[in-house]
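The values are calculated or read from the model by the stated rules, or taken from the named source; none is laboratory data. Predicted model, so just to flag it, every value in this text is computed and none were measured. Backbone-built Cβ (ideal geometry, glycine too); neighbour counts: all protein chains shown. Calculation scope for accessible area: heavy atoms of the full protein, side chains included, ligands and nucleic acids excluded. Shrake-Rupley method; radii C 1.70, N 1.55, O 1.52, S 1.80 Å.
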Amino acid sequence: MELQKNDVVTLSIADITNDGNGVGRFDGIAVFVPGTAVGDVLRVRIVKVCKNYCYGIVEEILSPSPDRTEPHCPVYRQCGGCSLRHISYEAELAIKQGWVYENMRRIGKVEQAVFAPILPSPKEEGYRNKAQYPVAAGEDGGLKIGFFARRSHRIVDGGACALQPPVFAEIVETIRQLCQLYHIPAYDEASGKGLLRHIYLRSSQNAEKIMVCLVLKGPQLPHAQAFVEALTGKFPQIRSIVININPRSTNVILGRECRTLWGEDTIQDTLCGMEFSISPLSFYQVNREGAQVLYETARDFAGLQGTEVLLDLYCGAGTIGLSMAPYVKEVIGVEIIPDAVEDARKNARKNGISNARFLCADAAEAARTLREEGIVPDVVIIDPPRKGCSSGLIDTICAMHPQRVVMVSCNSATAARDCALFEQQGYQAMRVQPVDMFPRTTHVETVVLLGRKEADGEESSLPHETAGETVVHLPR
């Protein structure tokens, strides 16, 4: 049977894709259906027909999967954030582990490694310390403030989100009321008119310290003093109120210039026993407790003995490298964003760390420069963007002959691809650890230890097994 748009078929969901869609087959044709769970038996309406697959929406659940759970979020079906909120957390972890397994096997050709079970996030809800709310004009003359619907720029109104501290929604609602009171217009993407583009909130652990950043088209916030007094009077947790100026016609959220209206330029948070200053432009992990699990895993993989030179590429504000500084001889961090490098240097001084230095440069360029200076790292930490490492960077790292490379990746597909490239130059993936940093979403972190092979083709003396871990032969 050839499927047509608006056909209604009975479908069993057999798998979940890495963008959160369930997938079943009808007469051999794959049908992708959002908001479904493995084991669901459904009546599905076909909404889009492509050459070799279709998309559908649920008309009726005939037999629910045992993995299903009540979403308990009023905007879950409209908002594009929590693609996996309708299934249990245990099922979500199994799915994410399966994605990492499959990518390592299929893309990275990793057939044998110490492959540990996924580490869960310490918190399933309320774990985010950062939120960015787009703002638009509402039909009633007010403001729409919330989150983008899935695959669109349509704003789902409402600042409440179970992934964020409850106080964030209260702050957003107060800002909405102040904007209405003082007739501050939302920015309009089509015309380029208006002022307020985004509301950007950051917090320390347990939302004890909060930064409010208003992203504006222009350099001035009307009635700024009244804004400050209203927000700080109602929310004593607020320690910083900043405007970020973004005059460009772009969908990039933040501009290059920040100006503090009130309070501190940064807020402070503690991570892995160290204090970090966070500015609006700083990279900082949004799940603090999950980041500690991630960084401790990376440190364990690095096998530090106190004598190593550690090169931390894509170092951001220095969090990974600085967390390892007490365990090495020297840390060299590399980051291309100047504000992040300055934050890293301040963080080193704040924590009394004297064996770390930070370079503002492209990672591949800095690695080549260090090699020319004769600096030979024992361990290289790489935390690349979602697109992964460039082949030039991998070439340069391998030319430095580090004993170990620890890759921290937010995209297991590109991490697997990079493992295959490292394999071509004599480095083998030896340990793989999925870490869930973003419960209820489709994102999962992966930590990979790559060890150098010896000249005779044997693997290096790095341990293949540690207490509590099992060597897993990935399925073909």
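What the table below lists for this structure:
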read-out: Test item: Cα-centred dipole of region 1-58, Lys/Arg +1 and Asp/Glu -1 on Cβ, debye; value: 180 debye
read-out: Charge dipole of region 311-407 about the Cα centre (unit charges at C-beta), most positive-ward option of Cys389, Thr369, Asn355; value: Asn355
read-out: For the chain: accessible area per residue (Å², 1.4 Å); value: 44 Å²
read-out: Debye intensity ratio I(q)/I(0), log10, region 196-345, q values 0.15, 0.21 Å⁻¹ (C-alpha model); value: -0.83, -1.28
read-out: For the chain, Kirkwood radius (reciprocal of mean inverse C-alpha pair distance, Å); value: 24.3 Å
read-out: Asp339, Asp265, ranked by accessible area, largest first (probe 1.4 Å); value: Asp265, Asp339
read-out: Spatially proximal lysines relative to Lys5 (Cα-Cα < 18 Å; intrachain offsets below 8 disregarded); value: Lys48, Lys51
read-out: Set Lys96/Lys130; Lys130/Lys350; Lys209/Lys387 screened for pairs whose C-alpha atoms are more than 25 Å apart; value: Lys209/Lys387
read-out: Cross-link reach list, aspartates and glutamates versus Lys193, counting only Cα pairs under 17 Å and skipping chain neighbours closer than eight places; value: Glu139
read-out: Residues whose placed amide H lies under 5 Å from that of Val331, excluding near-sequence neighbours; value: Leu310, Ala356, Arg357
read-out: Simple Cβ-charge dipole of region 132-282, Lys/Arg +1 and Asp/Glu -1, about Cα centre, in debye nearest 20; value: 440 debye
read-out: Estimated [θ] at 222 nm from DSSP helical runs (n ≥ 4, -39500 (n - 2.57)) normalised by residues in the chain, nearest 500; value: -7500 deg cm²/dmol
read-out: Total charge dipole magnitude, the chain, about the Cα centre, Cβ charges on Lys, Arg, Asp, Glu only, Debye to nearest 20; value: 1180 debye
read-out: Lys/Arg +1, Asp/Glu -1 at C-beta; region 19-82 dipole; positive extreme among Phe26, Gln78, Leu62; value: Phe26
read-out: Extreme residue, positive dipole direction of region 147-277, given options Ile238, Met274, Pro219 (C-beta unit charges); value: Pro219
read-out: Under-5 Å amide H pairs with Ala30, H placed in peptide plane, nonlocal only; value: Cys54
read-out: Net charge of Cβ neighbours under 11 Å - reference Cys389; Lys, Arg +1; Asp, Glu -1; value: -1
read-out: Amide H partners (placed H, <5 Å) of Gly146, local residues excluded; value: Gly158
read-out: Gyration tensor verdict on region 146-190 (Cα atoms; rounded if a/c is under 1.5, prolate if a/b is larger than b/c, oblate otherwise); value: oblate
read-out: Rounded to whole Hz, the Karplus (6.51, -1.76, 1.60) HN-Hα couplings of region 170-182, x for glycine and proline; value: 5, 5, 4, 5, 5, 5, 4, 5, 5, 5, 5, 4, 9
read-out: For region 275-407: rounded, prolate or oblate by the Cα gyration tensor [a/c cutoff 1.5]; value: rounded
read-out: Fraction of accessible area attributable to carbon and sulfur, the chain (%, probe 1.4 Å); value: 49 percent
read-out: Prolate/oblate/rounded label for region 330-451 (Cα gyration tensor, a/c 1.5); value: oblate
read-out: The chain - share of DSSP beta bridges that are antiparallel (%, nearest 5); value: 70 percent
